[in-house]
1. First check a/c for the stretch 40-106, with a ≥ b ≥ c the square roots of the eigenvalues of its C-alpha gyration tensor; if it is under 1.5, answer rounded, and if not, answer prolate when a/b is larger than b/c or oblate otherwise.
2. Under a 5 Å amide H to amide H cut-off, with H placed in plane at 1.01 Å, what residues pair with R112 once short-range neighbours are removed?
3. By the gyration tensor of its Cα atoms, with a ≥ b ≥ c the square roots of the eigenvalues, what is the shape of the chain: rounded for a/c under 1.5, prolate for a/b over b/c, or oblate?
4. Once you list every other residue whose beta carbon is under 12 Å from the beta carbon of A74, what net charge do they have if Lys and Arg are +1 and Asp and Glu are -1?
5. Within the set of other residues whose C-beta is less than 13 Å from the C-beta of G158, count the net charge using Lys and Arg as +1 and Asp and Glu as -1.
6. Figure the gain on full extension for D135 and C151 (residue separation times 0.36 nm, minus the Cα-Cα span) and round it to one decimal in nm.
7. Okay, helix-only estimate at 222 nm for the chain: each DSSP H run of n ≥ 4 adds -39500 (n - 2.57), divide by all residues, round to 500 deg cm²/dmol; what do you get?
8. Starting from 0.36 nm per residue, how many nanometres of slack lie between C94 and T37 once their C-alpha separation is accounted for?
Amino acid sequence: METLRLLHSVPADDVVLLDDDGAPIGRAARSTVHTTTTPLHLAFSCYLVRPDGAVLLTRRALTKRTWPGVWTNAVCGHPRPGESVTDAVERHACHELGVTVHGLRLVLPDFRYRAVDASGTVENEVCPVFVASIDEDPDPDPYEVMDLRWCRPDEVTGLVATAPWAVSPWMVEQVRTGGDRLLTPTAVLSVPAGVAS
């Protein structure tokens, strides 16, 4: 009976479906939404930096439905219906990496992309991009993250420039678009915690 109560208390893990203008039009189960014809839906990406300026890259677990085993930015995910994007960033950072973020800041509010992985599975997202700082060592969930690496900002931009095929397509576009706004820790550390739209 206790197990049944716990199951009913967990929010449905749905994503927010969007029309072509980015307005919400419905919901779908996250577990089934990514196919060869994935509808447009709401997501987010977040880059994490530490006080010495290093940027966290993570390698997606092999169990991930899209881009398994691929290196990418620190945290990606989907807000649930009725959940703010900032709350979703904080939830995913805690769940996937065991960290609390500080100075969360929206840097690419209008980022949107569509990409197809080697299996034919499509990502099709309106994906605002955030940057934040952390001051603790990540403790990754192995079902989400199989490896991680702290990199200098110039190493990240160099990786995207010379080997874009080695990282997620959304990270490639984000770094090319956002540049210093994503990879400069001083821009994050100067913003009080919780200030984000």
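Every number here is computed from the coordinates shown, using simple stated rules; none is lab data. Here the structure is a predicted model, which means the values were calculated and not measured. Because the Cβ atoms are built from the backbone with ideal geometry, glycine has one as well, and the counts that use them run over all protein chains shown.
1. oblate
2. Under 5 Å from the amide H of R112: C127.
3. Cα axes put the chain in the rounded bin.
4. Around A74, the charge tally is +2.
5. 0
6. Using 0.36 nm per residue and subtracting the Cα-Cα distance, I get 4.2 nm.
7. -6000 deg cm²/dmol
8. Full extension of this stretch gives 17.5 nm more.
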